[in-house]
Amino acid sequence: MKRFDVSSVSKELKIKMYMRMQQIRMFETRTIEHAKQKLIRGPLHLYIGEEANAVGACAALEKGDYVTSTHRGHGHCIAMGGDLKKMFAEICGRTTGYCKGKGGSMHIADLDLGIIGANGIVGAGMPIAVGAAIAMDNQSRKNVILCFFGDGASNTGSFHEALNMASIWKLPIVFYCENNHYAISTSSSDSLNIHDISIRALSYGIPGKTIDGNDALEVYLTTREARQRAVNGEGPTLIEAKTYRTIGHWIGDPVRYRTGSEEEEWRAKCPIRRLRDYLLGTKEATEAEIAHIDTEVKAEIDEAERFARESSDPTPDEALSDIYA
Amino acid sequence: MREITYAEAIREALCEEMRADSRVFLLGEDIGIYGGAFGVTKGMVQEFGEERVRDTPLSEHAITGAAAGAAMTGMRPVVEIMFSDFLTIALEQLANQAAKAHYQFGGQVSVPMVLRTAGGSGTGAAEQHSQSLEAWVCHVPGLKVVIPSTPYDAKGLLKSSIKDPNPVVFIEQKLLYRQKGPVPDPGQEYDIPLGVADVKRAGTDITIVTYGRMVPRCLEAAGKLAADGIDAEVIDIRTLVPLDKPCIIESVKKTGRAMIVHEACRTAGFGAEIAAVIADSEAFFHLDAPIRRVAGLDVPIPYNPQLEASVVPTVEKILAAAKDLLR
């Protein structure tokens, strides 16, 4: 039984969310192949299994809103409509990438889409979100910042300083905690003395809510409500979404710290299959329509991959540009 | 020209930029009614309101990060970090975020923020409130670093820093806040670009390269040297990053002797960088003596006033080193 009312979510939006989740899944799956062939160097932190969070939450945003992302940020960028070609090229270190090949997987930004940047330092996007919200406040703009972070970040000073500052000034921020239960190898049960991170909201006098992060519709509706609250000037909300990365911390992670049965249990909760089954169940989409979306997404990924392959590497002198504005 | 204090000059720069540009706002601890730990922002909240003179919780890390975030999204924040010792708390956001955003995002964003802070010893505030940590921030590409020594420079350089599209660390000198100096009347604009040194005293016999509160000490020492017939040139570099290397190199080529004076600890201090700049340049061939550094001792700043005074360069120490170089 659904714990929330999905009647306000249009069929078109649900189908779009399915498409976005498939984009993330197929994009990242393709990057794994590249990494195995050593065409991508450096760590790739994959979002596979967590797609409903980025897609559901970003679907609740409006034009002019901002997102701060994390080291596991591909999903957030794609959910915001990021250019798959520029993303793939960036991950491959090409000049045609989002950051001219200088940022890589952990530093993709697209200011035009409102993505202030992925971030290699856990929790560091949170004070930046506070600043972007101050800017909105001072400019009297009716927009919000969607600030993604994880269970690991909830133990950093960034989290506590940012939530405190956002709460005292009632800043328009939706703090979205993707609790995937592991900070690299450390289980959140070993690093937190509480079960639900959302109760930390109590310390700052703001609402906190724990939701199912593998349910795109629940994510969407919860974020939409928090966004509305922020736009109304009522301040930030802390959403904690329970989810799981079904791959390791990074591609080379042998994943010795958790059991196969635990992974199987979470794979069974695949957010993409879940939304597809829902769409088929409500007859909002047919098998053929779903298959058509999958084919189209695959073609987009093929094109992005080809674009990255055919793009050139930067020349050494490009290391010396963009140090100062 | 009228005379105002170093603190007043900084306040004037802030007020003028805030009046001229609605994107400029202040963020910091006790900068509102209290007026800042050193009184720099006194009266500003009354004029500009609490949104633009934002008193913050004790969160140097988040204050600095918030400035970076606001700067990335169209504002021009000026942060006050009460003591430069607290840079240690703000450093993650400053060094990993603000300094790198422009580069790592391929030039998509700029971070036009200023972090003002108060550095230096001499107030009896002991180990954790007296350090000179400028070398730490000079070591991070992407940051600019300014340390003014006069009210005139403080006002002009702060205005340039606020207008600069990059993160600028602006280190004020506690012991100079009450010092007066000539500054043009408000409204009389003057421009001091970042990266241009100022020859505070022209001379021919020895080049003394310095900055911050050591500038008046070096000038005093130069005056005493003049009494002995030694004509010292005193260069106030004013901005450490970017550094006006040609000014230093040309001076040393002329005098053949180079001495560097700073309050910060000697080891890995900024003086080592300046010495290397000279040694790496054609000025090397003009040297008649080794390059000499007069710097703070490699100790924490102690509490007792005699001890405190003994660990940083004094006029006597500067004088002795200069005379030794000219033997």
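The values are calculated or read from the model by the stated rules, or taken from the named source; none is laboratory data. Note that this is a predicted model, so its numbers are computed, not measured. All Cβ positions, glycine included, derive from the backbone under ideal geometry; neighbour counts span all protein chains shown. Ligands, DNA and RNA are excluded from the accessible area calculation, which covers all protein heavy atoms including side chains. Shrake-Rupley method; radii C 1.70, N 1.55, O 1.52, S 1.80 Å.
Using unit Cβ charges (K, R positive; D, E negative) and no other charged atoms, how large, in debye to the nearest 20, is the dipole of the protein assembly as shown about its Cα centre?
Working: 72 positive and 86 negative charges, 46 e Å.
It comes to approximately 220 debye.
Which residues of region B:108-132 show a drop of at least 50 Å² in accessible area when all protein chains are present, compared with their chain alone (probe radius 1.4 Å, heavy atoms only, ligands and nucleic acids excluded)?
B:Gln108
Only Lys, Arg, Asp and Glu count, each charged at its Cβ (+1, +1, -1, -1), so figure out the dipole size of chain A about its Cα centre, rounded to 20 debye. Each step should come with its number before you reach the end.
Numbers: 39 positive and 44 negative charges, 45 e Å.
Charge dipole, chain A, about its Cα centre: 220 debye, nearest 20.
Go ahead and run the numbers for FRET between B:Glu220 and B:Asp30, Cβ-Cβ distance against an R0 of 41 Å, rounding to 0.05. Kindly include the intermediate steps, with their values, before the conclusion.
Numbers: r = 34 Å, r/R0 = 0.82.
E(calc), rounded to 0.05, equals 0.75.
With a 1.4 Å probe, how much accessible area is buried between chains B and A, both sides summed, in Å² to the nearest hundred?
Details: alone 13440 and 14720 Å², together 24940 Å².
It comes to approximately 3200 Å² buried between B and A.
Which residues, if any, in region A:290-325 have at least 50 Å² less accessible area in the whole protein complex than in the isolated chain, probe 1.4 Å?
Buried by the other chains: A:Asp322, A:Ile323, A:Tyr324, A:Ala325.
A drop of at least 30 square angstrom in accessible area, chain alone versus all protein chains together, probe 1.4 Å. Which residues of region B:56-101 meet that?
Those residues are B:Pro57, B:Ser59, B:His61, B:Ala62, B:Ala66, B:Gly69, B:Met72, B:Thr73, B:Met75, B:Gln93, B:Gln97.
Normalising by the residue count of region A:99-225, find the relative contact order in percent from Cα pairs under 8 Å and 6+ residues apart.
On the way: 141 pairs, mean separation 22.9, N = 127.
Value for region A:99-225: 18 percent.
Below 8 Å, C-alpha to C-alpha, sequence gap of six or more: please give me the relative contact order for chain A in percent. Could the numbers behind the result be given before it?
Details: 617 pairs, mean separation 76.3, N = 325.
Normalised by residue count, the contact order of chain A is 23 percent.
Determine the distance separating the Cα centre of region A:235-280 from the Cα centre of region B:107-131; give it in Å without decimals.
One Cα centre to the other: 44 Å.
Accessible area of region B:2-183 with a 1.4 Å probe: how many percent of it is carbon plus sulfur?
Numbers: 2800 of 5380 Å².
Whole-percent figure for carbon plus sulfur exposure: 52.
Quick one: of B:Lys224/B:Lys254; A:Lys14/A:Lys298; A:Lys85/A:Lys283; B:Lys180/B:Lys245, which pairs are farther than 25 Å apart, Cα to Cα? Mind showing how you got there, number by number?
Values: B:Lys224/B:Lys254 21 Å; A:Lys14/A:Lys298 19 Å; A:Lys85/A:Lys283 33 Å; B:Lys180/B:Lys245 29 Å.
Result: A:Lys85/A:Lys283; B:Lys180/B:Lys245 exceed 25 Å.
Over chain B, what is the relative contact order in whole percent, taking alpha-carbon pairs under 8 Å and six or more residues apart?
In percent, rounded to a whole number, it is 16.
Give me the distance in nm between label points sitting 7 Å out from Cα along the Cα-to-Cβ direction at B:Asp231 and B:Arg266, one decimal.
3.1
On a straight-distance basis, which lysines could pair with A:Lys170 in a cross-link, Cα separation under 20 angstrom, same-chain partners fewer than 8 positions away excluded?
Counting by Cα, and skipping residues close in sequence, A:Lys170 has these lysines nearby: A:Lys142, A:Lys209.
For the protein assembly as shown, what is Rg from Cα atoms divided by 2.2 N^0.38 Å, rounded to two decimals?
On the way: Rg = 28.0 Å, N = 652, 2.2 N^0.38 = 25.8 Å.
Cα-based Rg divided by the globular estimate yields 1.08.
Please work out the C-alpha center-to-center distance from region A:286-308 to region B:257-327 and express it in whole Å.
Answer, in whole Å: 66.
Find the accessible area per residue for the protein assembly as shown; the probe is 1.4 Å, ligands and nucleic acids are left out, and the unit is Å². Walk me through the numbers on the way to the answer.
Details: 24940 Å² over 652 residues.
On a per-residue basis, 38 Å².
As an exercise, identify the chymotrypsin sites (Phe, Trp or Tyr not before Pro) in region B:184-274 lying in DSSP coil whose Cβ has no more than 11 other Cβ atoms within 10 Å. Mind dumping the intermediate values first?
Numbers: sites: B:Tyr190, B:Tyr211, B:Phe270; in loops: B:Tyr190, B:Tyr211.
Sparse-neighbourhood loop chymotrypsin sites (Phe, Trp or Tyr not before Pro): B:Tyr190.
So for chain B, Kirkwood radius off the Cα pairs, Stokes-Einstein at 25 °C and 0.890 mPa s: how many µm² s⁻¹? Numbers along the way, then the final one.
On the way: Rh = 20.0 Å.
This corresponds to a translational diffusion coefficient of 123 µm²/s.
Towards the positive end of the charge dipole of the protein assembly as shown, with charges on Cβ (+1 Lys, Arg; -1 Asp, Glu), say which of B:Gly271, A:Gly81, B:Gly229 has the farthest Cα.
Among B:Gly271, A:Gly81, B:Gly229, the one farthest towards the positive end of the dipole of the protein assembly as shown is A:Gly81.
Based on DSSP H runs of at least 4 residues, each adding -39500 (n - 2.57), what is the mean residue ellipticity at 222 nm of the protein assembly as shown after dividing by all its residues, to the nearest 500 deg cm²/dmol? Mind showing how you got there, number by number?
On the way: 23 runs with 250 residues, N = 652.
So the calculated ellipticity at 222 nm is -11500 deg cm²/dmol.
Given labels modelled 7 Å from the Cα in the Cβ direction, how far is it in nm from B:Glu47 to A:Glu33?
With each label point 7 Å from Cα toward Cβ, the separation is 6.4 nm.
Over region B:2-183, what lengths in whole Å, largest first, do the semi-axes of the equivalent ellipsoid take, defined as the square roots of 5 times the eigenvalues of the alpha-carbon gyration tensor?
On the way: eigenvalues 105, 71, 49 Å².
Semi-axis lengths for region B:2-183 are 23, 19, 16 Å.
Only sites in a loop by DSSP and with at most 14 other Cβ atoms within 10 Å count here; which GluC sites (Glu not before Pro) in region B:245-327 make the cut? Working shown, then result.
Details: sites: B:Glu250, B:Glu263, B:Glu273, B:Glu282, B:Glu308, B:Glu316; in loops: none.
Loop-located and lightly packed - none at all.
Could you calculate the FRET efficiency of B:Thr88 with B:Leu287 from 1/(1 + (r/R0)^6), where r is the beta carbon distance between them and R0 is 41 Å, rounded to 0.05? Intermediate results must be reported in sequence, preceding the final value.
On the way: r = 37 Å, r/R0 = 0.89.
Efficiency computed from Cβ-Cβ geometry: 0.65.
Highest mean first, what order results for A:101-114, A:143-156 on Cβ atoms within 10 Å? Write out the running numbers ahead of the final one.
On the way: A:101-114: 21.2, A:143-156: 25.6.
Result, highest mean Cβ count within 10 Å first: A:143-156, A:101-114.
In region A:1-159, carbon and sulfur make up what percent of the accessible area (probe 1.4 Å)? Could you put the intermediate results ahead of the total?
Details: 2570 of 5140 Å².
Taking all protein chains in place, region A:1-159 shows 50 percent carbon and sulfur surface.
Write down the percent of antiparallel bridges among all DSSP beta bridges whose residues are both part of region A:11-311, to the nearest 5.
Numbers: 3 of 25 bridges.
In region A:11-311, DSSP labels about 10 percent of beta bridges as antiparallel.
Taking only the alpha-carbon positions of chain A and ignoring solvent, what does the Debye formula give for the base-10 log of I(q)/I(0) at q = 0.10 Å⁻¹?
Rounded to two decimals, the profile gives -0.55.
When the accessible area of region B:198-325 is split by element with a 1.4 Å probe, what percent falls to carbon and sulfur? Could you put the intermediate results ahead of the total?
Working: 2980 of 5190 Å².
With neighbouring chains kept in place, the figure for region B:198-325 is 58 percent.
Rounded to two decimals, what is the ratio between the C-alpha radius of gyration of region B:198-325 and 2.2 N^0.38 Å? Don't skip to the end; give the middle numbers.
On the way: Rg = 13.8 Å, N = 128, 2.2 N^0.38 = 13.9 Å.
Relative to the rule-of-thumb radius for its length, region B:198-325 sits at 0.99.
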